[in-house]
Each structure stands twice: as C-alpha cells, then as structure tokens.
Amino acid sequence: MVSHSRSLQARRECENLTPTSKIINTFKDYVVPSYTRSLVLVRGKGSYVWDVDGKKYLDFGGGIAVNSLGHAHPAVVRALKNQASKLIHTTNLYYTEPQGKLARELVKLTGLGKVFFCNSGAEANEALFKLARKFGQESGKFEIVTAVNSFHGRTIAGIAATGQEKIKKGFAPIIPGFVHVPFNDLEAFEKAITPQTAAILIEGIQGEGGVIPATKEFLLGIRKLTRERGILLFIDAVQCGFFRTGNFQSYQTILGKDAKDFLPDGISMAKGLGGGFPIGAVWIEKKYADLFQPGTHGTTFGGTPLACAVSLAVIDTVKKQKLAQNIRQQGARLMRGLQKIKSPNIVEVRGLGGMIGLQITGKSKDVVARLMEKGLLVVPAGDHVLRFLPPLNIRASEVDDALEILKNCL
Ligand SMILES: *Cc1c(COP(=O)(O)O)cnc(C)c1O
C-alpha cells in the first residue's frame, strides 16, 4: 500500500497542475469519497469566502447554519487564542469554568434544566435517544416517534431516527425502536403512540427535509399529547436553533406569545452553537436532568474549555450586537426579495428568520452550481429546494447583492 501511494504521489507531482487540481487530486487519492465536493476554499472574512484562485463568494450557506458570525469574526478568533493559550482540553473528570458558564447561559436562554455537552448534532441526538431509553427503562418504554422527512444525523441510531429512506439505504439492519409519521400531523402522531413509546422527537423546522416549519397548532398539540401520555417531547434544534429564526429556539418564533407556556423535555443543539468550532449540547428539562448519573453517559471531548469559550464569545456577540433582531430583519428582507422575483422556475418561498427555502421546478444542484459560478453560495435541501442560511450578522447590502445574483440566475 505504501509503495502504491508513493508512486501515485510521484506521478501527480510530475504533472503540471493548477493549485485547484492539485488539492482535488489529494482528495481523490486520500479522502473517502462520501461527499460530492465543488470549490477549493482557502479563507473567509465576514460573509465572504475566497477560493484558491482568489475568486470571492458571498456565503449564504454559512457552512450549513454553522458560521453564526460569518468567517474569522474577531470575537471568535480572540476567544480561540485566549483560551488556547490557557487550557485547550482536559477530561470531564475535572471541572472547568467555561463549561459551567456555557451551561448556565443555555439554561437561561431555554428554561430550567441542565446541559450535557458533546461534539456534534448526531451525538446530541444520541444523548436524547439514550435519555429516552433511561427514562422508559423500568416501565418497558423505548420507542421514539419521529417525522417523515426528518433528519437526525448519520450515526447508526441517527439514521434509524431519520425519516428518509435514502439515508438508511445500504445500512441494514436498521436498529429497532423508531417509527415515522407525517410531520405536522397531530392525529398521526397520536395514533403512533403505543405502551412502548418513550418519546417524540421533531425538528422545529425540518432542514434537510426542505425547510418546513412546524405549525403552531402542531407544537401546542404535541406538547399537550406527550404530557397526557406521560412521554417525553424532544426538539432537534441542531439546524433551526441558536437564534437562526430570530429567537434562541425556533418554537419561540413559531409560537410567539404562546411560547411562554411551551417547554420541551429535551433539546439537541450543535451547528451554530460554536460559530464554526465543533460543539454539541443537549438541554434537559429539570425533572429529567439528573437521569444521567456517573457512568451512564460520557464523551472525551464534550464541553472542552476551548469549545465552550468560543461558544460563550458567540453568544455574547449575538446579545451585544442584537443579532437575533438583525437576522429577523435581514431574513424578512431576503424573503420579500425572493417573493418579488418573477420566475416560472419558482414554486414557493418559505421559512422563518434566517432559515429560508426556495422551492424550484428545476434540479437544486444545477441552480446551486449556476449561483456559485456567479459568486453566491447556497446549499440544496433535497432535489428541488435551495436553502439560505446566512450568518446572523449579515448586512442589508449583502442580502441585496445575493438577490441581484439570484434574479439573474433564476
Ligand atoms: C446537521 C443536523 C444533524 C446532525 O448534526 P452533525 O453535527 O452533522 O452530526 C442533526 N439534526 C439536524 C436537524 C441537522 O440539521
């Protein structure tokens, strides 16, 4: 194997390649081909990224709702540098100040409860699955009801929880204990509950499923139903949370003043929480917050001081610069602009705050490529939806620039 890769390397080095093809070739030779990739990016600043040839792109994909403050934000860079020079990592067998502080922030933003830290969205959902099992263990409850077209991550339980056949394909046998029913269909959820059901898990807004928000009636109904049946209600807020819709949680945006009477039993978070630095978290309502006793669940990296310090800096910046308000306003500006574009290719514009989906007649990946050519990055959600997830600090002028490119491409 060693000599094989050496000869490959030697051959590549003899060829006269551009910087782009050199980097792409190392991927072809050495990186597992689990993604269809396009650009070769080298740096970012604010809402822009640059490729290896120096071409500039307006980034409305935001690393799929991850880069909350855009790229290379001074507050993020400062927090990384400061904390890295003090303490990057230590085991969870010790206490650190940043982890406690971040947990307190998340509880203040959400409701009474406690937080478990991990490193990704899939891991955060894994913690919820284990919480449901722990909760139901003595009464024989273990099943979790999720929605058709949901997305809950790529782990072996995550793909079982995900309500999309294409995600499960090739990985049989799918682990038991998950059933899927149509999203926003209260009656279907009610019918799916059996004596074995431990929890219901839904996204506040289905992201990968095509930017479909939960309805107000559904959220209120599902909370009432889960209380009556004595089962848990979990929200996967990995994509739709962290101020994306103009409030910390999407259900706060959807419910408006009714949100004060609504609190789930568990919420998974990741993506935007670290502003680009990997971190995941699960908020657990106070009644269930002590179910994970020592030895029941754990992670080496979860809640490492570096990740928590960065996340605290992101939250502090969102508060000080009123970015929840900003994304509400700029999201509305983008939505209005999209609605004004007259094109037979547009089927529907939908979403909330800075999470917007544009349903088109054509193939999303073709339009994504065309927009990229013109300097705008967006991400597809399925075959016919373009997804806009700009940074929370996006400017009105940048929204207008994106709309101009869109008008010309649609
Ligand atoms: C991205 C995503 C996940 C998985 O998060 P990873 O960090 O990729 O593991 C889970 N749920 C939702 C709703 C997501 O959008």
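Side notes on the structure shown:
- Straight Cα distances below 28 angstrom link residue 56 to the lysines 22, 28, 45, 81, 271, 322, 340, 342, 363, 365, 374, 407, with same-chain residues fewer than 8 positions distant left out.
- Euclidean distance between Cα centres, region 67-145 to region 249-283, Å: 12 Å
- Shape call, region 1-156: gyration tensor on alpha carbons, a/c limit 1.5: prolate
- Ascending count of other beta-carbon atoms within 10 Å, so fewest first, for 203, 373: 373, 203
- For region 42-61 versus region 336-353, the gap between their alpha-carbon centres in whole angstrom: 25 Å
- Looking at region 125-178, the trypsin sites (Lys or Arg not before Pro) that sit in a DSSP loop and have at most 10 other Cβ atoms within 10 Å of their own Cβ are 169.
- Gyration tensor verdict on region 345-387 (Cα atoms; rounded if a/c is under 1.5, prolate if a/b is larger than b/c, oblate otherwise): oblate
- Helix axis angle, 97-110 relative to the chain longest principal axis, alpha carbon, degrees: 70 degrees
- Three-way shape call for the chain based on the alpha-carbon gyration tensor, with the a/c threshold at 1.5: rounded
- At full extension, residue 92 and residue 104 could sit 2.6 nm farther apart than now, given 0.36 nm per residue minus the alpha carbon distance.
- If R0 is taken as 35 Å, the Cβ-Cβ distance between residue 191 and residue 286 corresponds to a FRET efficiency of 0.70.
FYI, it's all coordinate maths here, none of it is from the lab. Fair warning: this is a prediction, and the values are worked out from it, not measured in the lab. When we count neighbours, we look across all protein chains shown, and the Cβ atoms used for this are built from the backbone with ideal geometry, even at glycine.
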